[in-house]
Amino acid sequence: ELQVIGLGISGKAVARLALARGASVVGIDQDESLSSLEHDPSFMALNSTGFKTVLGNFDWNLLKDADVVVVSPGVPLEKYGLSYLLQSGKQVMSELDFAAEALPKSVKILAVTGTNGKSTTVTFAGQMLNHFGIDTFVGGNLGTSLSEAAIQHVTSPAQECKLRVAVVEVSSYQMAIPCVYFRPSVSVVLNLTPDHLERHKTMLDYAEHKCRLFSHMTNAKLGLLSFGNQHLDEAVKKYWNKFNPAWIGAFPGLEIDTEAKIATFKVPDIGIESQLQLGSMRAMGKHNYFNAAVAALSVAGLGVGVHIEDINSTIEKLRPPPHRMQVVHKDIHGVTWVDDSKATNVEATYAGLMGLKGQKSVILLGGLAKVLVGQASNGFEELIEPLTGHRCVITVRTMIHQELSGNGLDIPCIQATNLKDAVEQARKMAKHGDAIVLSPACASFDEFRNFEQRGMVFRELALSS
């Protein structure tokens with residue numbers, strides 16, 4: 001018997017994968033408002049007689065009966081007595097590990113984690129591989145769980161599995177339970193800045209979760225890390241002899257000349273020495289040079305016959321994922337509207353603003369600010385320097401307004417009551433040739449379900465101009 005804890009997107013996919021593999025499954029979630037899944041069409045199609053759902057309060061003894069317990073990434077290990085189960089020697093697995101166990105060994109995994117830029121780097125890598133006709137799954141934390149790729153493999157005839165690469169965005173939550181079967185050929189930790197500290201408590205704990213990607217690697221064993229981060233340097237020590245290290249921002253690894261728009265790669269351990277021309281990129285923002293360069297080195301490091309020189313031809317075709325510096329409208333007044341709703345923390349907005357150098361913009365900030373443990377402020381003063389020289393900033397939170405104005409912001413700072421009001425104010429301030437950029441540096445839960453809905457509403461407001 002297999003038990004799935006947490007019945008969100010990943011949990012449901014795990015349950016369907018387990019059923020497809022012939023297990024009897026119990027799905028457990030403390031949220032009583034969820035609908036029971038026994039009558040869900042996607043489960044009924046799998047002949048799911050061996051499936052039942054337990055919602056709300058559940059009997060702890062249930063967990064003792066399970067042969068395997070698979071935990072969804074959204075479930076903290078303090079819940080459901082999971083920490084105790086892990087220590088007791090029961091087989092407790094993450095969704096990533098359960099999915100990877102079911103995939104053919106021939107599928108190479110490219111795993112990307114980090115605080116910011118994961119979705120864009122994964123999307124770019126997928127676009128590069130698809131350009132060369134390599135059958136690729138792109139997903140993970142990005143949206144489609146890895147279990148979906150495994151379901152495709154398990155339910156199709158043996159000779160039909162054409163999948164060669166899985167490009168997986170990995171969150172620190174997905175690494176809470178150490179993996180055994182999830183063995184990347186290439187692992188990437190893009191950066192590490194304060195986020196999710198309500199769950200991780202310390203930066204070192206956060207870094208250690210990220211660096212678990214390097215614990216079980218296979219094939220080329222190429223590991224890319226952000227250069228010069230003390231927490232990552234400390235956390236990666238225990239895995240140092242398990243992979244070929246390369247740095248983002250130093251050699252061996254890659255360096256970028258943002259003025260010349262050239263990335264240079266030197267990784268002698270896997271025989272890579274090359275350059276990539278980034279001048280034809282259409283994705284907005286210079287930080288996307290790094291995302292594209294990391295994607296290129298990762299793809300070249302997979303050993304699937306794609307070389308950096310070949311990748312030059314794909315650069316102008318790269319498109320960022322939705323809500324990440326995405327141009328959503330160019331209006332009749334010569335104003336470009338940019339949706340960066342996925343910037344849910346200060347560092348993501350900082351990266352977006354640094355990429356806008358030379359493009360005068362009206363910046364929209366605000367939402368539910370991420371609380372920095374033990375800090376007097378929320379870190380918005382870090383944005384003062386990259387905001388310099390822009391048209392103005394419009395804030396939806398008094399606290400943000402105070403942090404910016406009280407720390408010497410030298411452009412107009414206008415307060416708005418909500419996103420609609422902010423857009424109306426922005427329209428009045430923007431001049432021909434400007435951009436209006438939604439890059440909130442905050443979560444969306446004050447007004448919206450998630451950052452996607454916030455981005456969609458922004459786009460609708462832009463198009464109504």
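The values are calculated or read from the model by the stated rules, or taken from the named source; none is laboratory data. Not measured: the values here are computed from a predicted model. Don't worry about glycine lacking a Cβ; one is built from the backbone with ideal geometry, like all the others, and counts go over all protein chains shown. Side chains are part of the model used for accessible areas, which takes the heavy atoms of the whole protein and leaves out ligands, DNA and RNA. Shrake-Rupley method; radii C 1.70, N 1.55, O 1.52, S 1.80 Å.
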How big is the gap, in Å, between the Cα center of the stretch 4-66 and the Cα center of the stretch 267-312?
41 Å
Mind checking which lysines have their C-alpha under 19 Å from Lys286, skipping anything on the same chain fewer than 8 residues away?
Lys118, Lys261, Lys317, Lys342, Lys357, Lys360
hull vol. (C-alpha, convex hull) per residue for the stretch 326-464, Å³ -> 92 Å³
Which whole-angstrom value gives the distance between the alpha carbon centres of the stretch 70-108 and the stretch 123-181?
17 Å
In nm, spacing of pseudo-spin labels at Lys64 and Arg449 (7 Å Cα→C-beta vector):
4.0 nm
Ignoring ligands, DNA and RNA, what percent of the 1.4 Å accessible area of the chain is carbon and sulfur?
50 percent
Nearest 10 degrees, 0 to 90: what angle lies between the long axis of helix 287-301 and the longest principal axis of the chain (Cα atoms)?
30 degrees
The stretch 97-317: relative contact order from alpha carbon pairs under 8 Å, six or more residues apart, as a whole percent, is 21 percent
Picking from Thr344, Gly126, Gly8, whose Cα lies most toward the positive end of the charge dipole for the chain (charges on Cβ: Lys, Arg +1; Asp, Glu -1)?
Gly126
Among [x] 24, 54, 22, 0; [y] 17, 23, 18, 15, 12, 9, 3, 2, 0; [z] 24, 59, 16, 0, find the value of P(r) over Cα pairs in 20 Å bins from 0, in percent that was calculated from the structure presented, and write down its label.
[x]
Once Rh for the stretch 170-314 is found with the Kirkwood sum over Cα pairs, what is the Stokes-Einstein diffusion coefficient at 25 °C and 0.890 mPa s, in µm²/s?
155 µm²/s
Taking a ≥ b ≥ c as the square roots of the eigenvalues of the Cα gyration tensor, with a/c under 1.5 meaning rounded and otherwise prolate when a/b exceeds b/c and oblate if not, the stretch 38-111 is oblate
Just to confirm the filter: which trypsin sites (Lys or Arg not before Pro) across the stretch 73-129 are DSSP coil and have at most 12 other Cβ within 10 angstrom of their Cβ?
Lys105
Taking loop as defined by DSSP and a crowding limit of 14 other beta carbons within 10 Å, which trypsin sites (Lys or Arg not before Pro) in the stretch 160-242 fit?
Lys162, Lys201
Under-5 Å amide H pairs with Ala166, H placed in peptide plane, nonlocal only
Lys108, Ile109, Leu110, Phe137
Largest-first ellipsoid semi-axes for the stretch 2-90, taking √(5λ) over the Cα gyration tensor eigenvalues, angstrom:
21, 14, 11
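GluC sites (Glu not before Pro) within the stretch 254-284: which are DSSP loop residues with at most 12 other Cβ atoms inside 10 Å?
For GluC sites (Glu not before Pro) across the stretch 254-284 that sit outside H, G, I, E and B with at most 12 neighbouring Cβ atoms in 10 Å, the list reads Glu259.
Can you tell me, using C-alpha contacts under 8 Å and at least 6 residues apart, the relative contact order of the stretch 326-464 as a whole percent? Spell out each step's value before the answer.
Numbers: 279 pairs, mean separation 54.3, N = 139.
After rounding, I find 39 percent.
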With θ set to phi - 60° and the Karplus curve 6.51 cos²θ - 1.76 cosθ + 1.60, what are the ³J(HN,Hα) couplings of the stretch 178-189 in order, to the nearest whole Hz, using x for Gly and Pro?
x, 8, 10, 8, 7, 10, x, 7, 10, 10, 10, 10
Just grab the label-to-label distance for Asp31 and Glu259, each label 7 Å out from Cα along the Cβ direction, in nm (one decimal).
5.1 nm
Backbone HN-Hα couplings from phi across the stretch 313-324 [Karplus 6.51/-1.76/1.60, Hz, Gly and Pro as x]:
6, 9, 4, 6, 8, 5, 10, x, x, x, 6, 10
Simple spin-label estimate for Leu463 and Asn130 in nanometres, 7 Å along Cα-Cβ
2.1 nm
Just the number, please: percent antiparallel of the DSSP beta bridges in the chain, rounded to the nearest 5.
20 percent
Just to check I understand the Karplus step: with θ = phi - 60° and J = 6.51 cos²θ - 1.76 cosθ + 1.60, what whole-Hz values come out for the stretch 131-144, glycine and proline as x?
4, 8, x, 8, 5, 10, 9, 10, x, x, 4, 5, x, 8
With Cα atoms, 0 to 90° folded angle of helix 419-429 axis to the chain main axis:
30 degrees
So what's the net charge close to Asp29: Lys and Arg +1, Asp and Glu -1, counting the other residues with Cβ under 11 Å from its Cβ?
0
Residue-normalised accessible area of the chain, given per residue in Å² at a 1.4 Å probe:
42 Å²
Reachable lysines from Lys90, Cα under 19 Å, same-chain residues fewer than 8 places away excluded?
Lys64, Lys79
